[in-house]
Amino acid sequence: MNSFELVRPADAGAAVAAAASATADLQGVDVRFIAGGTTLVDLMKLGVERPTRLVDVNRLPLAAIEPTPDGGLRIGATARNSDLANHPTVLRDYPVLSQAILAGASAQLRNMATTAGNLLQRTRCMYFRDTAMRCNKRVPGSGCDAIEGANRSLAILGTSPSCIATNPSDMCVALAALEATVHVRGPNGERDVPFADFHLLPGDTPHRETVVTAGDLVTFVTLPPPRKGSKQHYLKLRDRASYEFALASAAVVIELDGETIGRARVALGGVGTKPWRAPEAESVLVGQKADGALFRKAAEAALKNAKPQSQNGFKIELAKRCIVHTLATATGVAV
């Protein structure tokens, strides 16, 4: 690990100023915010991230989880995953978020990992983490060894000729289905980013994973007020029962009017280069009677644009079955 300067700012303004001078090199950005450090420190040890300055935001008042004036929920950037997953309001009004967080990592990591850190964790790929391999995300323009290599766990949605890496987050899949908003403070002021716009597709610039730029500090995330009668569920399919990334996962937030679906939000994990909202599936579901045949039709729509690689074609059927079972569990409909 390279040597670095550690800065502990007194407030959010000072934190932004301390990071605003960040510049990029072939290994990433030379200034990083740090809270739990559960991903960043690992990448620094591997030489993938080589910041010369770390801005420690743990002392900033950004850990609160509290109601918003409109009845929604405000989640501080440094709120620990364990605290968020077990918060009474989350358990009552946003159970899909609690389920998703508890499906990720381990208890020890969840005790350290933060809301903003989860939003910003680097998209996963073994070639990204190995500096001996070509990776356009780590060294732009160098090539992507994953495309012709070991790609079983990688993405089938949102890929490009430059990158097929998978977004690793469970929490973000739930936030996509809940239509969260990310609040950012930067050198040019504050802005609110709809969750669907926060993460970027790789395209020709896979090293740019989110809309944050130099000095941008995620301060909190807000969830809209819970909708009466909303049914929610998160299902994660993986190679082992714990401490494993998803091969496919699904988050569902759905409302029924009798047997008819009045509103549906579906998001996928483990299959996309970003947390993957599936509006095609949602449009199939709304206004229709909830049953197994409809769920399978929605799953087909969600995966119609999938582009598998040499080793991960099985993810198409796996993701479809994941969607069907998540919808069935959320609605209580037998399939």
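The values are calculated or read from the model by the stated rules, or taken from the named source; none is laboratory data. Since the structure is predicted, the reported quantities are computational estimates derived from the model, not experimental observations. We place every Cβ from the backbone using ideal geometry, glycine too, and count neighbours over all the protein chains shown.
So which of LEU201, LEU154 ends up being in a loop (DSSP other than H, G, I, E, B), buried (at least 24 other Cβ atoms within 10 Å of the Cβ) and at pLDDT 95 or above?
Details: LEU201 fails: buried (at least 24 other Cβ atoms within 10 Å of the Cβ).
LEU154 is the lone residue from the list that is in a loop (DSSP other than H, G, I, E, B), buried (at least 24 other Cβ atoms within 10 Å of the Cβ) and at pLDDT 95 or above.
Select from segment 194-217 the residues that are over 14 Å from the mean Cα position of the chain (by Cα) and not charged (D, E, K, R) and list them in ascending order.
Going through segment 194-217, the residues over 14 Å from the mean Cα position of the chain (by Cα) turn out to be 202-208, 212-217.
Across segment 194-217, the qualifying residues are PRO202, GLY203, THR205, PRO206, HIS207, VAL212, THR213, ALA214, GLY215, LEU217.
What are the residues in segment 111-129 that are touching a helix residue (DSSP H, G or I) at 6+ places or on another chain (Cβ under 8 Å), of a type outside the set (Lys, Arg) and in a loop (DSSP other than H, G, I, E, B), if any?
Across segment 111-129, the qualifying residue is only ALA113.
Within segment 212-225, is there a residue that is out of contact with any helix residue (DSSP H, G or I) (no Cβ under 9 Å at 6 or more places or on another chain), under 25 Å from GLU282 (Cα atoms) and either crowded, with 24+ Cβ neighbours inside 10 Å or in contact (Cβ under 8 Å) with a residue 12 or more places away in the chain (or both)?
Looking only at segment 212-225, we keep the residues that are out of contact with any helix residue (DSSP H, G or I) (no Cβ under 9 Å at 6 or more places or on another chain), and these are 213, 222, 224.
Now restrict to residues that are under 25 Å from GLU282 (Cα atoms): 222, 224.
Imposing the further condition that a residue be either crowded, with 24+ Cβ neighbours inside 10 Å or in contact (Cβ under 8 Å) with a residue 12 or more places away in the chain (or both) reduces the set to 222, 224.
Scanning segment 212-225, I find at least one residue that is out of contact with any helix residue (DSSP H, G or I) (no Cβ under 9 Å at 6 or more places or on another chain), under 25 Å from GLU282 (Cα atoms) and either crowded, with 24+ Cβ neighbours inside 10 Å or in contact (Cβ under 8 Å) with a residue 12 or more places away in the chain (or both), so the answer is yes.
Rundown of residues vs (1) surrounded by fewer than 22 Cβ atoms within 10 Å (Cβ to Cβ); (2) in contact (Cβ under 8 Å) with a residue 24 or more places away in the chain; (3) on the phi < 0 side of the Ramachandran plot; (4) not in a strand (DSSP E or B), yes/no style:
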{"residue": "ARG50", "(1), (2), (3), (4)": "yes, yes, yes, yes"}
{"residue": "PRO61", "(1), (2), (3), (4)": "yes, no, yes, yes"}
{"residue": "ASP70", "(1), (2), (3), (4)": "yes, yes, yes, yes"}
{"residue": "ILE75", "(1), (2), (3), (4)": "no, yes, yes, no"}
{"residue": "ASP83", "(1), (2), (3), (4)": "yes, no, yes, yes"}
{"residue": "LEU97", "(1), (2), (3), (4)": "no, yes, yes, yes"}
{"residue": "ILE101", "(1), (2), (3), (4)": "no, yes, yes, yes"}
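For PRO279, indicate whether it is surrounded by 19 or more Cβ atoms within 10 Å (Cβ to Cβ) and either of a type outside the set (Gly, Ala, Ser) or without any contact (Cβ under 8 Å) to a residue 24 or more places away in the chain (or both).
Working: surrounded by 19 or more Cβ atoms within 10 Å (Cβ to Cβ): no; either of a type outside the set (Gly, Ala, Ser) or without any contact (Cβ under 8 Å) to a residue 24 or more places away in the chain (or both): yes.
No, not satisfied.
Identify, from the list ALA105, ALA146, the residue that is out of contact with any strand residue (DSSP E or B) (no Cβ under 7 Å at 6 or more places or on another chain), buried (at least 20 other Cβ atoms within 10 Å of the Cβ) and on the phi > 0 side of the Ramachandran plot. Even if it seems obvious, please write down each step before you answer.
Numbers: ALA146 fails: on the phi > 0 side of the Ramachandran plot.
Among ALA105, ALA146, only ALA105 is out of contact with any strand residue (DSSP E or B) (no Cβ under 7 Å at 6 or more places or on another chain), buried (at least 20 other Cβ atoms within 10 Å of the Cβ) and on the phi > 0 side of the Ramachandran plot.
Find the strands (runs of 3 or more DSSP E) located wholly in segment 221-316 whose residues include 3 or more that are of a type in the set (Gly, Ala, Ser), and list them.
On the way: elements: 231-237, 248-257, 260-269.
Those strands (runs of 3 or more DSSP E) span 248-257, 260-269.
So, ASP257, is that one touching a residue at least 24 places away in the same chain (Cβ under 8 Å) and either of a type in the set (Phe, Trp, Tyr) or over 22 Å from PHE195 (Cβ atoms) (or both) or not?
No; evaluated as a whole, the condition is false for this residue.
Name the residue, out of ARG263, ARG238, that is at pLDDT 95 or above and over 22 Å from ALA113 (Cα atoms). Before the answer, list the steps.
Numbers: ARG238 fails: over 22 Å from ALA113 (Cα atoms).
Every option except ARG263 fails the conditions.
I'd like to know if segment 212-219 contains one or more residues that are modelled with pLDDT under 95, in a loop (DSSP other than H, G, I, E, B) and farther than 19 Å from THR114 by Cα.
Yes, segment 212-219 has at least one match.
Anything in segment 91-102 that is hydrophobic (A, V, I, L, M, F, W, C) and out of contact with any strand residue (DSSP E or B) (no Cβ under 7 Å at 6 or more places or on another chain)? List them, or say none.
So the first thing to find is which residues in segment 91-102 are hydrophobic (A, V, I, L, M, F, W, C), and the list is 91, 96-97, 100-102.
Result: LEU91, LEU97, ILE101, LEU102.
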